[in-house]
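For reference, the structure is listed below as structure tokens.
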């Protein structure tokens, strides 16, 4: 057998009773393939995730503010390298930047205003 891992969920594959098919051992997975058609999965799931371009916003890599683009690229890079745990922490970093960046941009705009409105003063809690 070329590879004993299910390409969908990563669980073990076993031969069917007839010996002509491979079936995933995960009860929640429906993967089933004829032995003659199965060639094994060479790429880890993290790499397959990167290969599916419909999951990635290509515009973000090039046109988003550099601090966001960098974190997004780093997430992609860690997944491409097959490092899911590092990617999980990188996802946290990306979400943190996505939340902080707009807040800091607005705060900067308010602080740059010589005559902030009462609402703007209240937002920043300045007198």
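The angle separating the long axis of helix 66-80 from the principal Cα axis of greatest extent in the chain is about 10 degrees. Extension gain, residue 54-residue 95: 0.36 nm per intervening residue step, less the Cα-Cα distance, totals 12.8 nm. Against the main long axis of the alpha-carbon atoms of the chain, helix 84-112 sits at an angle near 20°. Go ahead and estimate [θ] at 222 nm for the chain from helices alone: -39,500 (n - 2.57) per DSSP H run with n ≥ 4, summed, over the residue count, rounded to 500. About -16000 deg cm²/dmol. Mean sequence separation of contacting Cα pairs (under 8 Å, at least six apart), scaled by the length of the chain, corresponds to a relative contact order of 14 percent.
Note on residue 46/residue 103: beta-carbon distance plugged into 1/(1 + (r/R0)^6) with R0 of 22 Å gives a FRET efficiency of 0.10.
For the chain, the Cα gyration tensor yields ellipsoid semi-axes of 50, 14, 10 Å (square root of five times each eigenvalue, largest first, whole Å).
Coordinate range of the alpha-carbon atoms in region 1-41 per principal axis, descending: 22, 20, 11 Å.
Taking the alpha carbon gyration tensor of region 25-74, multiplying each eigenvalue by 5 and rooting it gives semi-axes of 35, 12, 9 Å, largest first.
Each value in this text was obtained by applying a stated rule to the coordinates, not by laboratory testing. No experiment lies behind these values; they were computed from the predicted model shown. Don't worry about glycine lacking a Cβ; one is built from the backbone with ideal geometry, like all the others, and counts go over all protein chains shown.
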